[in-house]
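I have placed the structure first, in the form of structure tokens, so that the comments after it can refer back to it.
Read the figures in this text as sums done on the coordinates, not as results from a lab. This structure is a prediction, so every number in the text was calculated from the model and none was measured. Glycine gets a Cβ as well: all are built from the backbone with ideal geometry, and neighbour counts include every protein chain shown.
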Amino acid sequence: MKKNAHAMLGICAGLALTAAVSADAELVRNPTQVGANVDVGQIVKGDLYVGTSPQGEIENEIITRTGVYLTESGVYDDRLTIKLTIGGLFWFASAAPSNTDFQNRRVQFGPGVGQAQAVYAFGEDPKKPTSTLQFGLFSHKYSDAVNLGEYMYRTGTYPGLLYSGGWSYMNASGYLAQGVRWTMPTMGGLLTHDVTAYMERGLQPLHDITPGYMITVKPTPFFNASAGVVWSHAISLNSKRLSPKAEANAYSKRTNRPVKDAVASGGSVEDSITAYDWANKDSLGNIGYYTFKGFKVMGRAALDIGQLAGMESVKPGQFKVYTEVALLGVEDQPYYYEDKTARMPVMFGLNVPTFGLFDRLTFEGEYLASAFPNDNANVLQNQYPTPVSTPYAFDPDDKQFDDWKWTVYLSRKIVNGVTVYAQAASDHLRHFDNAAVPAARSATPTSKDWYYVLRLDFGI
Amino acid sequence: MNNTKNGGILPLMALAAMTLLAFAPQRTQAELVMEPKHIGAYVDFGQALTDDDKQALNRTGVYLTVAGTHDERLMVTATLGGLFWYGFPELPSSSRLIKFGPGVGQAQAIYSFGEDPSNPTAKLQFGLFPVKYNSDATNLGEYLYRSGTYPGYVWNGGWSYINSASHLLQGARLTIPTFGGKVTHDITLHMERDVAQPLHDFSPGYMITAKPNGFVEVGAGFVWSNAISFKPSRLAPKKLNNAYSKSTGLPVNGLTDFQISACSSTDTLINRNCYQDIKAGMPDTAAARATLNAWNDCQNNGNCSDIDYYTFRGIKTMARVSLDFGSLLASPMLRPGDLKVYSEVALLGVENQPFYYEDPLERLPVMVGLNVPTLGLLDRLAVEFEYRKSRFKNTFLYPYDNQGGLPVPLAVGGESPYGYADQVVEANEDMFTRDDVKWSVYATRKVTKGITLTAQVASDNFRPANGEAKPSSQPFAKGPGEWYYVVRAGFGF
């Protein structure tokens with residue numbers, strides 16, 4: 001690990017020494033942008049979690065937030081673009097309706113940073129760069145998705161946790177990356193390569209560096225497709241955290257079953273062997289440990305039917321179909337991760353033309369068949385790369401959590417500066433408790449659970 | 001200063017402020033010139049390393065600065081910012097989640113006096129602003145404002161791992177240049193606002209800086225910590241753990257369970273801890289008994305003539321020098337500041353107090369730094385060392401962290417002072433000298449206009465904050481083998 005760190009220091013120093021220093025760079029400042037949005041909606045039907053605690057079913061719970069933001073940006077010498085967005089959010093903690101704690105009733109406020117990034121354009125003509133280097137804190141969004149999908153960066157690997165939303169109920173289907181992204185268009189833009197190195201800042205183990213690569217092909221204006229791979233936690237600053245050597249993270253290599261809750265006597269033969277292997281782990285060497293480290297791969301495609309069909313009354317993008325599929329963890333691990341299809345979320349979307357009624361009307365669906373819940377408690381609280389802490393409470397062959405997720409999204413600009421959005425969904429949105437800790441599970445675990453949000457957005 | 005007198009401080013200060021306002025020149029049509037806004041961000045990445053652990057250091061900060069000048073005389077500057085950060089160390093709980101905190105980097109106004117505001121006879125700076133008097137120090141030093149007095153803890157870093165060798169002062173600073181700028185006087189009055197307790201007290205200070213030529217710069221100063229207290233009872237709390245006997249010079253704390261019979265027959269002060277290997281040179285138990293009797297007499301009979309209490313109030317002094325050998329060589333191979341040697345020494349608490357503060361040398365941190373020439377490879381490469389020879393840990397646990405707000409340098413709650421007795425220290429020298437030396441290597445390089453890379457490797461007095469934003473009472477690095485590195489990519493305009 002020391003070698004990794006030292007190598008990175010060397011790279012930084014090398015970059016610094018070889019970079020050109022422009023003595024008389026010209027700075028062009030962009031106008032300040034400010035804006036705000038007011039969200040109001042309801043969880044029409046759901047199953048609420050606060051932290052890791054289930055609170056039971058809820059109906060018609062109000063959800064509301066008000067956000068503000070300010071963006072400053074400028075460009076040095078036409079080459080180096082610097083952008084900074086700061087903001088703040090009034091929000092309310094989620095809690096069971098019976099919980100009348102003051103902290104769950106008062107309005108909360110939290111500041112935040114939407115982006116703090118620099119983009120350097122290489123090549124003779126910075127307006128048509130041969131490549132761009134983006135670094136800092138910035139949103140990485142690679143698909144047409146409005147809510148679901150975008151699996152490559154914002155999901156987990158082991159376990160393959162799925163996310164949507166966050167501090168913003170809508171327009172949040174991106175990943176707030178901290179790191180570096182190098183984008184290189186080739187063949188006149190037909191092929192674009194993206195090389196990324198992002199630091200893990202939301203999922204465990206934190207601070208590890210995850211490299212990735214994505215290729216996008218755009219042979220015609222009406223079709224594009226991408227494929228990519230991410231090597232999660234490839235560069236670990238503390239490799240002990242990748243694969244904790246603890247009973248709760250151990251499995252028997254002979255039975256391929258978790259040690260935790262394996263009964264030494266009175267249970268099945270497999271249980272006895274598993275428990276025996278753990279008891280004699282040092283002498284037998286039959287114990288393995290689950291790891292966070294692994295590969296995620298993704299493929300996506302988008303077809304603009306409106307453009308393909310030459311529909312003049314439909315603007316580009318307004319009649320489009322798109323899809324994405326990912327394999328969250330290429331390599332199998334025993335018991336929890338033996339079935340690849342259970343780690344393969346699939347989403348598809350359709351932009352429906354409304355002939356001027358809306359700027360965008362989108363339907364999205366997602367399907368994942370899993371034996372384990374989409375629950376981050378074991379990762380966030382216990383730091384183990386397993387989907388649950390009670391392995392034998394679930395049958396890996398019983399995909400009881402197979403379900404559909406769905407989203408309906410629309411937007412319409414009213415006048416310059418004012419836009420209205422609406423979203424109705426059954427997705428992975430996790431609400432926050434009064435300590436700003438996200439719930440372990442979504443409030444809409446089945447496709448019959450859903451919420452809606454209306455947003456009034458205005459700004460200059 | 002008693003409470004009655006204190007009651008008069010606030011009205012007096014308000015009156016002084018009103019008087020200043022009344023005599024300030026009034027202009028009906030002051031011209032306001034706004035400065036271009038500055039924005040920036042940085043991404044920090046590094047590790048803290050000990051023999052058995054590695055912890056990530058990872059923060060992302062942003063800032064926005066707005067400034068303007070009224071009538072060329074009054075410059076107002078405000079910097080707002082925010083920081084993504086993680087609690088240290090990383091724990092298996094939700095406290096491990098990424099956090100964000102807003103902040104104010106500065107909120108200050110500077111008024112220039114004199115006929116020509118671009119060449120003022122004096123400047124009055126007030127509000128919240130960083131004071132950095134040792135422009136050469138990159139990490140260590142800057143003792144006068146950011147160190148404690150009793151106890152004289154030293155620290156560096158903070159919410160910014162690097163580029164933070166200064167003190168964010170809340171108060172006022174009057175700067176008077178004389179002799180054509182060769183001698184500068186700084187008079188400060190600031191409010192204690194960090195871990196320095198008691199909070200909110202005012203501490204006046206004075207600094208003089210002389211720069212007779214381009215080669216040498218010297219400075220000296222003092223700060224009278226907590227000189228103006230709004231609540232004097234907090235200065236020297238009348239509590240057992242803060243009491244000592246005037247006649248014996250021994251703290252009462254640690255003697256309450258004094259049990260001679262529990263240990264060897266050696267009749268010593270510290271034999272309750274059964275340091276059997278210590279045989280000679282210790283005070284006898286008579287002193288301990290006298291101390292306890294004095295305390296009991298004070299508590300039970302109201303006779304407190306032999307009892308006194310440690311106080312936070314005291315005077316810190318500082319002296320520094322900077323020698324720019326590079327300026328003598330005038331070589332094109334050297335950048336300005338290369339080959340500069342600088343040093344600073346401070347006495348954190350001029351007056352002795354019994355037992356904890358009897359040796360001024362133990363309150364005397366010294367730092368020395370050198371800017372190493374890199375032939376244009378880096379904009380700056382600085383190596384700094386610090387020596388602070390004290391038997392006490394570099395801690396602010398008792399002043400700050402739920403131990404009663406006491407001016408004593410103990411490092412653990414419930415700890416006995418007698419674990420620091422001369423005999424114990426002499427017998428366990430390695431244990432007490434392990435944290436005496438600190439070091440820091442700092443490098444920076446502008447990559448292009450708008451982007452700067454900075455790196456720091458150090459074993460210093462950096463105290464990381466836990467998940468509740470509370471800094472650790474002792475530095476993370478407790479010995480020379482415990483260190484960290486941080487690389488910062490900063491960008492902005």
May I ask you to work out the translational diffusion coefficient for the stretch A:117-183 at 4 °C, viscosity 1.567 mPa s, via Stokes-Einstein with Rh from the Kirkwood sum over Cα pairs, reported in whole µm²/s? 96
For chain B, the Cα convex hull volume per residue in Å³ comes to 183
Evaluate peptide B:440-451: per residue, the Cβ atoms of other protein chains within 10 Å of its Cβ; return the mean as an integer. 6
Considering every pair of different Cα atoms, what Kirkwood radius, in Å, is found for the protein assembly as shown? 32.0
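List A:152, B:75 from most exposed to least, where exposure is judged by having the fewest other Cβ atoms within 10 Å.
Values: A:152 26, B:75 19.
The order, fewest Cβ neighbours first, is B:75, A:152.
Rg/Rh for chain A: what does it come to with C-alpha atoms and Rh from Kirkwood? List each step's numbers first, then the result.
Details: Rg = 23.8 Å, Rh = 24.2 Å.
When Rh is taken as the Kirkwood radius, the ratio is 0.99.
Tell me, what is the FRET efficiency for residue B:402 and residue B:375 to the nearest 0.05, using R0 = 30 angstrom and their Cβ-Cβ distance as r?
On the way: r = 52 Å, r/R0 = 1.73.
According to the calculation, E is roughly 0.05.
Let me check against my output: what whole-number percent is the relative contact order of chain A, with C-alpha pairs under 8 Å and at least 6 apart?
The value is 16 percent.
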GluC sites (Glu not before Pro), restricted to the stretch B:312-375: which are DSSP loop and have at most 15 other Cβ atoms within 10 Å? B:351, B:358
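Distance check, please: which entries in B:340/B:478; B:132/B:316; A:127/B:37; A:127/B:446 exceed 18 angstrom between their Cα atoms?
Working: B:340/B:478 29 Å; B:132/B:316 16 Å; A:127/B:37 25 Å; A:127/B:446 24 Å.
B:340/B:478; A:127/B:37; A:127/B:446, as the Cα separations exceed 18 Å there.
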D_trans [Stokes-Einstein, Kirkwood Rh over alpha-carbon pairs] for the stretch B:150-263, 37 °C, 0.692 mPa s, µm² s⁻¹: 183
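Could you work out, residue by residue across A:115-125, how many beta carbons of other chains sit within 10 Å of that residue's beta carbon, and then give the average as an integer? Write down the numbers at each step before the final one.
Working: counts 2, 13, 3, 11, 1, 5, 0, 0, 0, 0, 0.
The mean count of partner-chain Cβ atoms within 10 Å per residue comes to 3.
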Taking Cα atoms, the helix B:9-23 axis meets the longest principal axis of chain B at an angle in degrees (rounded to 10) of 10
Considering the zone a paramagnetic label at residue A:107 would reach in this model (a point 7 Å from Cα along the Cα-to-Cβ line), which residues of the stretch A:67-99 have amide N under 19 Å from it? A:67-70, A:87-95
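May I ask you to derive the relative contact order of chain B, considering only C-alpha pairs under 8 Å and at least 6 residues apart, and to give it as an integer percent? Before the final figure, lay out the partial values.
Values: 1158 pairs, mean separation 72.9, N = 493.
Dividing the mean separation by the residue count of chain B yields 15 percent.
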Relative contact order, percent, of the stretch B:151-209 when contacts are C-alpha pairs under 8 Å separated by at least 6 residues? 24
Please compute the modelled spin-label separation between residue B:466 and residue A:225, points set 7 Å along Cα→Cβ, answer in nm with one decimal. 5.5
Can you tell me the FRET efficiency between residue A:193 and residue B:286 if r is taken as the Cβ-Cβ distance and R0 is 56 Å, rounded to the nearest 0.05? 0.10
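Using 0.36 nm per residue of separation minus the Cα-Cα distance, give me the extension gain between residue A:245 and residue A:308 in nm, one decimal. Spell out each step's value before the answer.
Working: separation 63, 0.36 × 63 = 22.68 nm, distance 5.50 nm.
Additional length available on full extension: 17.2 nm.
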Using a 7 Å offset from Cα along Cα-Cβ at residue A:122, what residues in the stretch A:197-222 end up with backbone N under 19 Å from the label point? A:197-198, A:211-216
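Just want the ordering: B:42, A:251, from fewest to most Cβ atoms lying within 10 Å of their own Cβ.
With the sparsest Cβ surroundings first, the list reads B:42, A:251.
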Helix A:269-279 against the longest principal axis of chain A: what's the angle in degrees, Cα atoms only, rounded to the nearest 10? 80
What nm value, rounded to one decimal, do you get for the distance between residue A:390 and residue A:64 when each label is placed 7 Å out toward the C-beta? 3.8
The residues A:229, B:486, sorted from fewest to most surrounding Cβ atoms within 10 Å, come out as A:229, B:486
Put a dot 7 Å past each Cα toward the Cβ at residue A:331 and residue B:329; how far apart are the dots in nm? 5.2
Charge tally in the Cβ shell below 14 Å around residue A:59, where Lys, Arg are +1 and Asp, Glu are -1, residue A:59 excluded: -2
